[in-house]
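> Below: one structure in structure tokens.
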Amino acid sequence: MSRFTELTDRTGTRSVKWDMAASLFQSESILPMWVADMDFKAPESVIDALTERAAHGIFGYTMTDKLIEGYISEWLRKRHSWSINEEWLTYSPGVIPSLHMMVQALTEKDDHILIQTPVYPPFYSVIKQHDRNIIENPLMLKGERYEIDFEDFENKIVKNNVKAFILCNPHNPVGRVWDKSELEEMAQICLKHDVLIFSDEIHADLTFSEYQHIPIASLSKEINHQTVTCMSPTKSFNLAGLQVSYLITADEGKRKSLKDMFNSQGMFMINTMGITALEAAYQQGEEWLDGLLATVENHRDYVIDRFQNETDLVDIIKPEGTYLLWMDCRKMGLDQSELKKFMQSNAKVGLNDGVSFGEAGKGFMRMNIACPKATLEEGVDRIIHALQQYKG
Ligand SMILES: Cc1ncc(COP(=O)(O)O)c(C=O)c1O
């Protein structure tokens, strides 16, 4: 049985996705397809490295070194054609903590920060929690694909004297992998108006066969110096609980401000097991990752086909990357609380509420398809069956 078909019981592991589901969705029989981690075991090489490290038995304070920097820069070169200077790296327990640090270190109270909505919920909270203002550049759903309204992007920047832009690429939840011309256009506008780019590229490794992730900072030297990029092996290799990630900041002044901010919050240590997992994943995980991508792409096409053939009430927005599907349920004609109730009580599937990604998510839900096919089939059966009953 392959890594990607094996059913592993996650209950009782303090899994947020599984062990919180019954209380969150108010049902014991809910099938969790929400929060962004996967129901697949990590690569064998990662498990072996962690087992070996655990067997050592001493888990004292841990540092990074040249070897780790080398594995990261080699990964970025191989997978994303990006040559970085290893001095640009800093480490962080996660991309969310990094976003908090960037906002605090590189913007000031009352500044305006732009996001492209609907978007990953913490983008809102990291801005609000530090008394900055959210400026929204809503993405436009054109047919079956979300696009950027560049005129609005620039107008909002000018009108609000925007200081920073948090880019989500690949985009959660709409699944776009922004292409070179889109990235160029956003970056040129940011350079023109001196807007910092905080680029959350945690899903960078998760792009489907026709698409290539391009780190925005790799476009030019000027753009690189305007940008802080966050990346991590945690989404790609299912290591979220190990809390390890890194930032790439070419500009020395910005890097120093960020490091000072991390230090001032007491965040200067790396997780022993996290760094062990990163090392093994980047050194030996490529074959596993390619297998994962083929599996998720197959799952994406399976779900789209099923919904297209069996119901006209829900449209799946075809993602170019990530293992998250953005479901357009507006034809059901329900308000958001009815829609949530329908998915949890009628379909008995635990999905993310579209509105948690902002008002633009009204009428939408998000489904996680990184699970064995049998689980996916069960989830899709439940939703389609409930939709057919609803229609009948
Ligand atoms: C766009 C995006 N950024 C960040 C995160 C979380 O990052 P971390 O677990 O490293 O804090 C997620 C998790 O789903 C995400 O989708």
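> What about Y71, is it touching a Phe, Trp or Tyr at 6+ places or on another chain (Cβ under 6 Å) and either assigned to a helix (DSSP H, G or I) or under 19 Å from G241 (Cα atoms) (or both)?
Working: touching a Phe, Trp or Tyr at 6+ places or on another chain (Cβ under 6 Å): yes; either assigned to a helix (DSSP H, G or I) or under 19 Å from G241 (Cα atoms) (or both): yes.
Yes.
> Residue by residue through region 10-33, note down the ones that are in a loop (DSSP other than H, G, I, E, B), of a type outside the set (D, E, K, R), touching a helix residue (DSSP H, G or I) at 6+ places or on another chain (Cβ under 6 Å) and away from the ligand (no atom under 16 Å from the Cβ).
Within region 10-33, the first condition is being in a loop (DSSP other than H, G, I, E, B), and the residues that meet it are 10-15, 20, 25-30, 33.
Then keep just the ones that are of a type outside the set (D, E, K, R); that gives 11-13, 15, 20, 25-27, 29-30, 33.
Still in the list and also touching a helix residue (DSSP H, G or I) at 6+ places or on another chain (Cβ under 6 Å): 11, 25, 30, 33.
Those that are in a loop (DSSP other than H, G, I, E, B), of a type outside the set (D, E, K, R), touching a helix residue (DSSP H, G or I) at 6+ places or on another chain (Cβ under 6 Å) and away from the ligand (no atom under 16 Å from the Cβ): T11, F25, I30.
> Only one of H100, H56, H112, H130 is over 30 Å from F208 (Cβ atoms) and within 16 Å of the ligand (Cβ to nearest atom). Can you tell me which? Before the answer, list the steps.
Working: H56 fails: within 16 Å of the ligand (Cβ to nearest atom); H112 fails: within 16 Å of the ligand (Cβ to nearest atom); H130 fails: within 16 Å of the ligand (Cβ to nearest atom).
After applying the criteria, what remains is H100.
> Which of the residues that make up region 80-97 are in a loop (DSSP other than H, G, I, E, B) and within 16 Å of the ligand (Cβ to nearest atom)? It would help to see each step written out before you state the result.
Keep residues of region 80-97 that are in a loop (DSSP other than H, G, I, E, B), which gives 81-85, 93-94.
Across region 80-97, the qualifying residues are P93, G94.
> Let me ask something else about it. Restricting to region 205-228, give me the number of residues that are within 22 Å of D301 (Cβ to Cβ) and of a type outside the set (S, T, N, Q). If you could, list the steps in order and put the result at the bottom.
Quick first cut of region 205-228, residues within 22 Å of D301 (Cβ to Cβ) only: 205-213.
Checking which are of a type outside the set (S, T, N, Q) leaves us with 205-206, 208, 210-211, 213.
Result for region 205-228: 6.
> Which numbered condition in (1) in the same structural domain as P173 (by TED's automatic domain parsing); (2) within 16 Å of the ligand (Cβ to nearest atom); (3) not in a helix (DSSP H, G or I) is the only one that A36 fails?
Just one mismatch for A36, condition (1).
> If we scan region 157-165, do we find a residue that is among the small types (G, A, S), modelled with pLDDT of 95 or more and open to solvent by less than 40 Å² (accessible area, probe 1.4 Å)?
yes
> Report the residue count in region 326-362 for those that are in a strand (DSSP E or B), touching a Lys or Arg at 6+ places or on another chain (Cβ under 7 Å) and within 16 Å of the ligand (Cβ to nearest atom).
The qualifying residues number 3.
> Somewhere in region 322-342, is a residue open to solvent by 30 Å² or more (accessible area, probe 1.4 Å) and touching a residue at least 60 places away in the same chain (Cβ under 8 Å)?
So far as region 322-342 goes, no, none of its residues is open to solvent by 30 Å² or more (accessible area, probe 1.4 Å) and touching a residue at least 60 places away in the same chain (Cβ under 8 Å).
> Shifting gears a bit: Open to solvent by 30 Å² or more (accessible area, probe 1.4 Å) and either within 11 Å of the ligand (Cβ to nearest atom) or in contact with a Gly (Cβ under 9 Å, 6 or more places away or on another chain) (or both), is that true of L219?
Values: open to solvent by 30 Å² or more (accessible area, probe 1.4 Å): yes; either within 11 Å of the ligand (Cβ to nearest atom) or in contact with a Gly (Cβ under 9 Å, 6 or more places away or on another chain) (or both): no.
Answer is no for this residue.
> Can I ask one more? If I filter region 45-73 down to residues being among the charged types (D, E, K, R) and outside the structural domain of T229 (by TED's automatic domain parsing), which single residue comes out as nearest to K235 (Cα to Cα)?
Step one: filter region 45-73 for residues among the charged types (D, E, K, R), giving 48, 52-53, 65-66, 69.
If we keep only those that are outside the structural domain of T229 (by TED's automatic domain parsing) too, we end up with 48, 52-53.
Details: D48: 19, E52: 23, R53: 22 Å.
So the residue we want is D48.
> Which is among the hydroxyl-bearing types (S, T, Y), away from the ligand (no atom under 16 Å from the Cβ), crowded, with 21+ Cβ neighbours inside 10 Å and closer than 22 Å to H80 by Cβ, of T249, T229, T234?
Values: T229 fails: away from the ligand (no atom under 16 Å from the Cβ); T234 fails: away from the ligand (no atom under 16 Å from the Cβ).
Exactly one residue qualifies, and that residue is T249.
> Right, another one. So which helices (runs of 4 or more DSSP H) stay within region 211-272 end to end and still have 2 or more residues that are free of Cβ contacts under 8 Å to residues at least 12 places away in the same chain and assigned by TED's automatic domain parsing to the domain that holds H80? Don't jump to the end; show me each part of the working.
Details: elements: 221-226, 234-237, 252-264.
In region 211-272, the matching helices (runs of 4 or more DSSP H) lie at 252-264.
> Sticking with this structure for a sec: Could you pull out the residue among I113, I127 that is over 29 Å from E279 (Cα atoms), free of Cβ contacts under 8 Å to residues at least 40 places away in the same chain, assigned by TED's automatic domain parsing to the domain that holds S245 and touching a strand residue (DSSP E or B) at 6+ places or on another chain (Cβ under 7 Å)?
Step by step, each of I113, I127 is checked, and only I127 is over 29 Å from E279 (Cα atoms), free of Cβ contacts under 8 Å to residues at least 40 places away in the same chain, assigned by TED's automatic domain parsing to the domain that holds S245 and touching a strand residue (DSSP E or B) at 6+ places or on another chain (Cβ under 7 Å).
> Moving on. So T13 fits all but one of (1) open to solvent by 70 Å² or more (accessible area, probe 1.4 Å); (2) assigned by TED's automatic domain parsing to the domain that holds A277; what number is the exception?
(2)
The values are calculated or read from the model by the stated rules, or taken from the named source; none is laboratory data. Treat the numbers as computed from the prediction; the structure is a model and nothing was measured. Cβ: placed from backbone, ideal geometry, glycine included. Neighbour counts: every protein chain shown. Keep in mind that these areas ignore ligands, DNA and RNA; they rest on the heavy atoms of the full protein, side chains included. Shrake-Rupley method; radii C 1.70, N 1.55, O 1.52, S 1.80 Å.
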